[in-house]
1. For residue 46 and residue 87 in the same chain, what is the full-extension length gain: residue separation times 0.36 nm, less their Cα-Cα distance, in nm?
2. How far, in degrees from 0 to 90, does helix 3-12 lean away from the longest principal axis of the Cα atoms of the chain, to the nearest 10?
3. Ranked highest first by average number of other Cβ atoms within 10 Å, how do 42-48, 57-63 line up?
4. So which residue, out of 53, 99, 28, gets the largest mean-square fluctuation from a GNM of the chain using Cα contacts under 10 Å as springs?
5. For the chain, max minus min Cα coordinate along each principal axis, in Å, sorted largest first?
6. Can you tell me the orientation of helix 111-133 relative to the chain, as the angle in degrees between its alpha-carbon axis and the longest Cα principal axis, to the nearest 10?
7. Using just the helices of the chain, give the 222 nm mean residue ellipticity in deg cm²/dmol: DSSP H runs with n ≥ 4 each add -39,500 (n - 2.57), and the total is spread over all residues, rounded to 500.
8. Suppose the chain between residue 94 and residue 107 were pulled fully straight at 0.36 nm per residue; how much longer would it get relative to their current alpha carbon spacing?
């Protein structure tokens, strides 16, 4: 199979939104997180987990965990592994909660923070529901 045919077969193997997730996970795994971990100065590093901002060395540790998460996401979506389905759904739901908490805390509990958190979190809740409904697309590992 030629490279072009392989890429087209990969693209056709999943819906557009899931290809978007695959692309995002691959970008984070191979481009952003290596730069974040190895080149970004510790003094300016920031990572958000569960809506709480970490800085400095704690952020570097969080970046390593993000690297593992997005690496597993890249592999799991690329190969459509059955183990990916529940974990991706759970992680996306956690992002939704994190977006709400982060917006609320960043805007000091203002109405704007609540609205921003609900809107941004709502987008990820919808994505989590779509991922949950895609269970049949994932194969047994």
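1. The span from residue 46 to residue 87 would gain 12.3 nm if fully extended.
2. With both axes taken from Cα atoms, the answer is about 70 degrees.
3. Numbers: 42-48: 13.7, 57-63: 17.3.
Final packing ranking: 57-63, 42-48.
4. The residue with the greatest mean-square fluctuation here is 53.
5. Sorted from largest, the Cα extents of the chain read 53, 34, 24 Å.
6. Taking the Cα atoms of the chain, the angle to 111-133 is about 20 degrees.
7. On the way: 6 runs with 97 residues, N = 141.
Mean residue ellipticity at 222 nm (helix-derived): -23000 deg cm²/dmol.
8. Working: separation 13, 0.36 × 13 = 4.68 nm, distance 1.98 nm.
Computed gain between residue 94 and residue 107 is 2.7 nm.
Every number here is computed from the coordinates shown, using simple stated rules; none is lab data. Note that this is a predicted model, so its numbers are computed, not measured. FYI the Cβ positions are ideal-geometry reconstructions off the backbone, even for glycines, and counts take in every protein chain you see.
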